[in-house]
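Notes follow once the structure below has been shown.
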Amino acid sequence: MALSDYIHTFGQYLFERHGERIHKIALDAGFTCPNRDGAKGVGGCTFCNNNSFNPNGPEPQTLESQCDSGRRAIAKRTRAKKFIAYFQAYTNTYADVAELDALYRHALTRHDIVGLSVGTRPDCVSGEALDLLAGYREEGFIVWLELGLQSAFDETLRRVNRGHGLKEYREVAVAARQRGIPLCTHLILGLPGEDESHYHASLDTVLDIGVDGLKLHPLHVVKHTVLANQWRRGEYRPLQREEYIRHACDLIERTPEHIMFHRVTGTASKDILLAPEWCSQKWSVLNGIEQELARRGSRQGCLAQGRFMEATDRTSLFGGKVGIAVDGKSAAECQVPFRHPAEEEILYAA
Ligand code: SF4
């Protein structure tokens with residue numbers, strides 16, 4: 001068994017839909033963030049040191065060289081020949097729409113780039129930007145919008161200085177999906193003041209609003225952040241590995257099977273990671289999640305309790321085979337094909 005026997009992964013979906021492996025290449029297009037430059041707030045989120053997810057350091061290389069190096073790195077371990085340009089670092093809709101179009105289009109002109117995934121904040125996505133993304137989709141490109149929500153609790157969002165609330169997320173999530181743009185929402189487990197009741201409620205809220213993909217992350221303490229100071233003073237305790245695995249499995253079980261997991265954990269580079277140490281061991285966490293789901297005899301969607309969103313819309317949105325729990329059956333009862341070789345590599349392509 002592999003993790004993909006228990007979880008509907010994004011890579012698995014791409015393989016089934018397109019008949020070949022497609023990987024994300026993470027890009028830094030040189031954006032900044034309105035929660036850092038004063039437009040929405042200053043200082044940024046308390047946990048954010050953008051180097052924790054920026055592979056290129058403070059001076060990004062050109063998109064061409066990032067694509068080339070990403071392609072080479074992926075080619076070393078997979079046979080993928082097609083890629084999604086993943087605009088990951090900072091807030092990738094923080095520019096006027098003409099500038100966004102030029103950047104995104106630049107990536108899409110490469111012969112082996114078959115789509116875009118655009119990561120951003122919920123309060124920084126204009127209707128024009130959504131129209132732009134919807135237009136690429138109409139041209140036949142794969143397009144995803146990735147929204148960092150992290151928690152559905154405004155109190156938590158204030159506490160970590162996110163600079164937006166659930167309201168902004170709800171508005172953009174609905175507007176994106178109304179345009180047919182698939183939405184991947186990021187949630188963090190282990191935020192200050194939260195416990196499993198918050199994780200469950202945040203997931204339920206996201207599912208109720210409507211979502212197509214999820215990323216789960218443990219909260220990392222990285223250098224040069226407010227959270228690092230709180231951690232040093234003993235004001236913040238990170239989740240332990242076993243706690244994270246248990247909570248992640250709980251959320252996976254509650255997530256309907258048609259929703260794709262783009263990630264179920266996250267890593268930070270060792271040179272900036274302060275705690276928890278296990279966050280640097282991605283495979284240990286992935287294996288732990290697989291083993292825990294096997295131990296429970298469960299899988300994604302087995303506790304989704306009839307949360308199966310608009311099946312016909314799903315078919316038209318993705319045009320492919322998706323697993324949907326129906327008629328109150330658990331996902332496990334639905335016999336959805338759930339296999340894909342070496343899926344874990346794809347899960348963590350980005
Ligand atoms: S919105 Fe993203 S880039 Fe901006 S401060 Fe928060 S985590 Fe960092």
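The values are calculated or read from the model by the stated rules, or taken from the named source; none is laboratory data. Note that the structure is predicted; figures quoted are calculated from it, not measured. Cβ coordinates were reconstructed from backbone atoms using ideal geometry, including for glycine residues, and neighbour counts include every protein chain displayed.
For every residue, the table says whether it meets (1) among the hydroxyl-bearing types (Ser, Thr, Tyr); (2) surrounded by fewer than 21 Cβ atoms within 10 Å (Cβ to Cβ).
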| site | (1), (2) |
| --- | --- |
| 163 | no, no |
| 180 | no, yes |
| 185 | yes, no |
| 201 | no, yes |
| 216 | no, no |
| 219 | no, no |
| 224 | no, yes |
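Quick test for you: out of 135, 140, 115, 127, pick the one residue that is more than 16 Å from the ligand (Cβ to nearest atom), more than 19 Å from the chain's Cα centre (by Cα), closer than 21 Å to residue 260 by Cα and surrounded by fewer than 23 Cβ atoms within 10 Å (Cβ to Cβ). That would be 140, the only listed residue that is more than 16 Å from the ligand (Cβ to nearest atom), more than 19 Å from the chain's Cα centre (by Cα), closer than 21 Å to residue 260 by Cα and surrounded by fewer than 23 Cβ atoms within 10 Å (Cβ to Cβ). One residue is enough: does the range 186-203 have a residue meeting the conditions assigned to a loop (DSSP other than H, G, I, E, B) and touching a Gly at 6+ places or on another chain (Cβ under 9 Å)? No, every residue in the range 186-203 fails to be assigned to a loop (DSSP other than H, G, I, E, B) and touching a Gly at 6+ places or on another chain (Cβ under 9 Å). Look at (1) of a type outside the set (Phe, Trp, Tyr); (2) out of contact with any Cys (no Cβ under 9 Å at 6 or more places or on another chain); (3) assigned to a loop (DSSP other than H, G, I, E, B); (4) within 19 Å of residue 269 (Cα to Cα) and you find that residue 73 fails only one, number (3). Checking 207, 191 one by one, the residue that is within 24 Å of residue 300 (Cβ to Cβ), modelled with pLDDT of 95 or more, within 16 Å of the ligand (Cβ to nearest atom) and buried (at least 18 other Cβ atoms within 10 Å of the Cβ) is 191 and no other. Among the residues of the range 143-172, those identified as closer than 16 Å to residue 191 by Cα, within 12 Å of the ligand (Cβ to nearest atom) and not in a loop (DSSP other than H, G, I, E, B) are 148, 149, 150, 157. Taken together, 76, 82 contain a single residue that is modelled with pLDDT under 90, more than 16 Å from the ligand (Cβ to nearest atom) and over 19 Å from residue 37 (Cα atoms), which is 76.
Checked across the range 40-54, the condition of being surrounded by fewer than 20 Cβ atoms within 10 Å (Cβ to Cβ), of a type in the set (A, V, I, L, M) and away from the ligand (no atom under 14 Å from the Cβ) holds for no residue.
Here residue 305 fulfils each of the conditions (1) surrounded by fewer than 21 Cβ atoms within 10 Å (Cβ to Cβ); (2) in contact with a helix residue (DSSP H, G or I) (Cβ under 6 Å, 6 or more places away or on another chain); (3) not basic (Lys, Arg) apart from (2).
Remark: pairs (first residue in the range 205-226, on the phi > 0 side of the Ramachandran plot; second residue surrounded by fewer than 24 Cβ atoms within 10 Å (Cβ to Cβ) and not small (Gly, Ala, Ser); Cβ separation under 9 Å; 6+ apart in sequence or on different chains) = 210/174; 210/177; 210/183; 210/309; 210/310; 224/49; 224/51; 224/272.
Within the set of pairs 6+ apart or on separate chains, which have a first residue in the range 15-37 that is under 19 Å from residue 100 (Cα atoms), a second that is among the charged types (D, E, K, R) and away from the ligand (no atom under 16 Å from the Cβ), and C-beta atoms under 7 Å apart? Sorted first by the residue in the range 15-37, then by its partner, the pairs are 25/71. Taking the stated definitions as given, is residue 252 touching a strand residue (DSSP E or B) at 6+ places or on another chain (Cβ under 9 Å), in a helix (DSSP H, G or I) and β-branched (Val, Ile, Thr)? When the stated conditions are applied, residue 252 passes them. Here 208, 204, 250 are screened, and the one residue that is touching an Asp or Glu at 6+ places or on another chain (Cβ under 7 Å) and farther than 20 Å from residue 13 by Cβ is 250.
When the criteria are applied in full, residue 93 meets the requirement of being touching a residue at least 12 places away in the same chain (Cβ under 8 Å) and in contact with a Phe, Trp or Tyr (Cβ under 9 Å, 6 or more places away or on another chain).
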